[in-house]
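Heads up: the structure comes next, in structure tokens.
Values in this text are rule-based calculations from the coordinates and carry no lab data. Just so it is clear, the model here is predicted, and its values are computed rather than measured. Please note: Cβ atoms are built from the backbone with ideal geometry, for glycine as well, and neighbour counts cover all protein chains shown.
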Amino acid sequence: AGAERILDNPVLRAGVTVTTASGIHATPMAEYVLGVMLAMARQLPAVCAMQRERTWPAHPWRALRGRELRGETIGILGYGSIGREVGRLALSLGMRVIALSASGRRRDEGYYVEGTGDPEGRIPIAWYTPDDLHTFLASCGFVVVAAPLVPQTRGLIDEAALRAMRSDAVLVNIARGEIVQEEALLRALREGWIAGAALDVFAQEPLPPEHPFYDLDNVLITPHMAAMTRHYNERLVDLFVANLRRYLAGQELLNRVDVDRGY
């Protein structure tokens, strides 16, 4: 649903209306976030490695003591359709939800699938602005990056931001790899500034086989597949039909790209 690759397209610059698929990814990506948070909290990557090696720890209760999501604070950086569905699912598990939004809009003005998300913006117990980034990060056991890639977010999660996070925090990036400064993240993971990361997006994709992320035990890597489920095309067609009806009726289209805003 990102628009960063088409912003310089002459067609868009000529005033032709372009829309995105924003909103159709909320369910699969939010479920992905829950999946990787549970995996990291319960040390499932380590357990899978033990299974491959056919080993059983001498004291599993001690070696694999996990953490619970209930009662943890999840910070959602970018409270759009995906972030709102992450918030809804996290709340159902008893997590405390806080949000950082550049727009400051409580209400979701974009497209969303009925029954999903947080259209009124009622779930977060606290709202933050980009000026409060470090305070926001310091409050979270889990940080989910779900913001669009625009000049203001490129490299936003830098060394200072990572050092502001808790040492037991887990970073989940489902947005764009360029939002996180990867060299700083490597240091943070190696030196224990944070506990771990689940990464679905990278600055270079495919991620080269020699990349040091592959060598780290506290990183869960997936190949930019968080949005991909068997229902993807079905939801895409639903959105197209909704916009076609609006177009024929002379109404404002959903998810219209704003060149100045960047998405």
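So the values come out like this:
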quantity	calculated
In the range 57-97, the residues that are in contact (Cβ under 8 Å) with a residue 40 or more places away in the chain, assigned to a loop (DSSP other than H, G, I, E, B) and in contact with a Pro (Cβ under 8 Å, 6 or more places away or on another chain)	G78, Y79, G80
Subset of the range 218-247 [under 30 Å from L185 (Cβ atoms) and touching a residue at least 24 places away in the same chain (Cβ under 8 Å)]	N218, V219, L220, T222, H224, M225, A226, A227, M228, T229, Y232
Residue that is surrounded by 18 or more Cβ atoms within 10 Å (Cβ to Cβ) and either of a type outside the set (S, T, Y) or touching a strand residue (DSSP E or B) at 6+ places or on another chain (Cβ under 9 Å) (or both), where the choices are L253, L189	L189
Per-region count, the range 98-124, residues out of contact with any strand residue (DSSP E or B) (no Cβ under 6 Å at 6 or more places or on another chain) and either in contact (Cβ under 8 Å) with a residue 60 or more places away in the chain or of a type in the set (A, V, I, L, M) (or both)	7
Selection from the range 236-253 of residues that are outside any helix (DSSP H, G or I) and either over 13 Å from G23 (Cβ atoms) or in contact with a Gly (Cβ under 7 Å, 6 or more places away or on another chain) (or both)	A249, G250, Q251, E252
Helices (runs of 4 or more DSSP H) contained in the range 1-56 and holding at least 2 residues crowded, with 16+ Cβ neighbours inside 10 Å	26-41, 44-53
